[in-house]
Amino acid sequence: MKVLVIGPGGREHAIVRSLLADPNVSEVHAAPGNAGISKLVPTHAIDANDPDAVAALATKLTVDLVVVGPEAPLAAGVSDAVRAAGIPVFGPSKAAAQLEASKAFAKEVMAEAGVPTAMARVAGNAEEAADALDTFGAPYVVKDDGLAAGKGVVVTNNRDEALAHAQSCFDAGGTVVIEEFLDGPEVSVFVLCDGLNTVALSPAQDFKRIFDNDEGPNTGGMGAYTPLEWAPEGLVQEVLDRVAQPTVNQMAHRGTPFVGVLFVGLALTSRGTRVIEFNVRFGDPETQAVLARLKTPLGGLLMAAAKGGLDKVQPLRWSRETAVAVVVAAENYPDKPRTGDRIRGLKKAESVEGVHVIHAGTRLDDEGKVVSAGGRVLAVVALGTDLVEARERAYDGVELVHLEGSQFRTDIGGKAARGEIKVQTPGGPAATKAKA
Ligand code: AMP
Ligand code: GLY
C-alpha cells in the first residue's frame, strides 16, 4: 500500500513513523512535511490547504490512501477533492469537518445526538455576550466560533476579560460560544470512524497551557501521556456509546457521514462525563504518545476507516508500556515564536533508552542543518515500564536537546505519576486512583 500524508507537524511525523512500521505499507510520501519527516520519506512542497494541489499530487503519485493530518486542509475541502479523484482518504469532508471548524455547529449536532456537553449559548454582540456570561456565572468560558488552533478560548474569573475576548471576536467579524464551566480532569479520546462504525484508541491527557501548573495562555498542547491509569473503568465504552457512535449516526443521518478520526475532548466532571470539544483530526501532541504504543499496523486501520470496514477490524493491540511526549517550544511561543535557530543534540536525545524525537516546527537550512521553524518545535517521546520511568526518560532526552531560548513544561504526567488526579463521580465522594 502506498500512502500520502498531508501536513507539516509533529502529528504527521508520528503518523509517517507508524506507517513505515506497517508491513503492508510499501511506500510513504508526505506534503509538505518537515525536517524530521524528510529524513524518512520523500516530501513534496505543495500547499497542503489547496484541495486541487493535494488531489493532483495524490493522483500523480498513484497512492492508495491519503491521510490528512491537520484541520485546515480538512476545513478547506481537501478530502472532498481527493475522494472526487477516486482515491480513498482518511479525513472528513468539508461538511463533516464543521464539527471542529464551527463550535456552534458541533453544539447543534451534539444536541441532536443527545451527547452530554456543557450548556452553551451563541452570542453575536456585546449585549448577548454579557447576558450569556451572567446566565452561567464565573468561571467564564468564551470561545471564538471559528478555527483558532486551540488558542481561541478564554477561561477566566474576570468578567471584563471575558467580555473583551468576546468583543475581539466580534470586531474580527465572528461570533462566540459562551459556556458553563466544566470542572474535573480532561481526557482526549481518538475514535476512528468509517462513516458508520467506530473504534476507539487508548485515552491520553494533553497539557494545554504554556507554563507548569496549567498557568499562562493556551497553546496547541505542550505534552501528553498515555494510557491513563486513573481513568474510570468503562470510560472508553462510555465515550463510544454516549458520544462517538451517536455523533457518527447523526452525521450519517444528516447526509454528511464522518470518515476519519473524531477527537473527543472530555471533562470528567462531578456531574459526569461531558464533551468539551470535538476535533476532526488526531490531537497534537497526544498522537505522538498514543501511536508510540499502538501495535496494530496503522496503515490497515486508516484504510479500513477510509473505505469502510472498521467493524471487521480485530481488537487493537497496545504495548504495555507508558508513553510520554514532552514538547520543546520556541522562545516566545505561543505569542510570536522565535525561529531560524539551530537545534542540536537530537541524536544524543535519541540515544536515551526508549526515546525518539518527533519533529514539528523544524526545517533544513541551506547547509542541511535542522533549524526551528515554528512555535512547537519538536516532541521528545519516551516509552517506559510505567509513567515514572517514561517521564524520566523523556526529560533525560529533553535535557540533551539544545535550542536557544526554548521552553518546555516540567510537569507533563507529573500529577498522574504521583497519584494526584481525582475523578469525582456524580453523587459520590472524590475518588483518587493511584496505580500500585
Ligand atoms: P477548546 O478549544 O474548546 O478545546 O478549549 C481549549 C481549552 O479550554 C480546553 O482544553 C479546556 O482546558 C478549556 N475549556 C474549554 N471549554 C471549557 C469549559 N466549558 N469549561 C472549562 N474549561 C474549558
Ligand atoms: N492537543 C490538542 C489538539 O490537538 O487540539
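The values are calculated or read from the model by the stated rules, or taken from the named source; none is laboratory data. Just so you know, these numbers come straight off a predicted model, no measurement behind them. Neighbour counts are summed over all protein chains in view; Cβ atoms, including those assigned to glycine, are modelled from backbone coordinates with ideal geometry.
Scanning region 242-262 for residues that are under 27 Å from Q424 (Cα atoms) and surrounded by fewer than 24 Cβ atoms within 10 Å (Cβ to Cβ), which turns out nearest to ligand 1 (Cβ to nearest atom)? Checked region 242-262; the qualifying residue nearest to ligand 1 (Cβ to nearest atom) is R242.
Results for (1) farther than 30 Å from G91 by Cα; (2) surrounded by fewer than 22 Cβ atoms within 10 Å (Cβ to Cβ); (3) away from ligand 1 (no atom under 15 Å from the Cβ), shown as yes or no for each residue.
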| site | (1), (2), (3) |
| --- | --- |
| E127 | yes, yes, yes |
| K143 | no, no, no |
| S202 | no, yes, yes |
| F211 | yes, yes, no |
| D214 | yes, yes, no |
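Screening G137 on (1) under 24 Å from the mean Cα position of the chain (by Cα); (2) within 15 Å of ligand 1 (Cβ to nearest atom); (3) not aliphatic (A, V, I, L, M) shows it passes everything except condition (1).
Selection of first residues in region 4-25 that are in contact (Cβ under 8 Å) with a residue 24 or more places away in the chain and of second residues that are polar (S, T, N, Q) and away from ligand 2 (no atom under 16 Å from the Cβ), restricted to Cβ pairs under 8 Å at least 6 apart or on distinct chains, gives the following pairs, ordered by first then second residue: P8/N34; G9/N34; E12/N34; H13/N34.
The condition (being surrounded by 16 or more Cβ atoms within 10 Å (Cβ to Cβ) and not in a strand (DSSP E or B)) is satisfied by just one residue among A138, A104, A111: A104.
For region 362-376, a residue qualifies if it is in a loop (DSSP other than H, G, I, E, B) and either farther than 17 Å from A224 by Cβ or touching a Ser or Thr at 6+ places or on another chain (Cβ under 6 Å) (or both), and the qualifying residues are D365, D366, E367, G368, K369, A373, G374. Sub-6 Å Cβ pairs linking a first residue in region 177-193 that is of a type in the set (F, W, Y) to a second residue that is more than 15 Å from ligand 2 (Cβ to nearest atom) and assigned to a strand (DSSP E or B), at least 6 apart or interchain, are F181/V141, ordered by first then second residue.
Counting only strands (runs of 3 or more DSSP E) that sit wholly inside region 160-226, those with at least 1 residues that are at pLDDT 95 or above, of a type in the set (A, V, I, L, M, F, W, C) and under 30 Å from L301 (Cα atoms) are 186-194, 198-200, 223-226.
For first residues located in region 208-231 and acidic (D, E), partners that are in a strand (DSSP E or B) and lie 6+ apart or on another chain with Cβ distances below 8 Å form the pairs E215/R209.
Within region 149-159, the set of residues being in contact with a helix residue (DSSP H, G or I) (Cβ under 9 Å, 6 or more places away or on another chain), within 14 Å of ligand 2 (Cβ to nearest atom) and not in a strand (DSSP E or B) comprises A149, G152.
On inspection, G146 does not qualify as outside any helix (DSSP H, G or I) and free of Cβ contacts under 8 Å to residues at least 24 places away in the same chain. The selection criterion, being in contact with a Lys or Arg (Cβ under 6 Å, 6 or more places away or on another chain) and of a type in the set (V, I, T), holds for T117. On the stretch given as region 249-265, residues that are touching a Gly at 6+ places or on another chain (Cβ under 7 Å), at negative phi, more than 11 Å from ligand 2 (Cβ to nearest atom) and outside any loop (DSSP other than H, G, I, E, B) total 2.
Considering every residue within region 170-178, establish whether at least one is closer than 30 Å to L378 by Cα and either surrounded by 18 or more Cβ atoms within 10 Å (Cβ to Cβ) or more than 15 Å from ligand 2 (Cβ to nearest atom) (or both). No, region 170-178 contains no residue that is closer than 30 Å to L378 by Cα and either surrounded by 18 or more Cβ atoms within 10 Å (Cβ to Cβ) or more than 15 Å from ligand 2 (Cβ to nearest atom) (or both). Looking across D194, D144, one residue alone is within 16 Å of ligand 2 (Cβ to nearest atom), farther than 29 Å from E420 by Cα and touching a Gly at 6+ places or on another chain (Cβ under 7 Å). It is D144.
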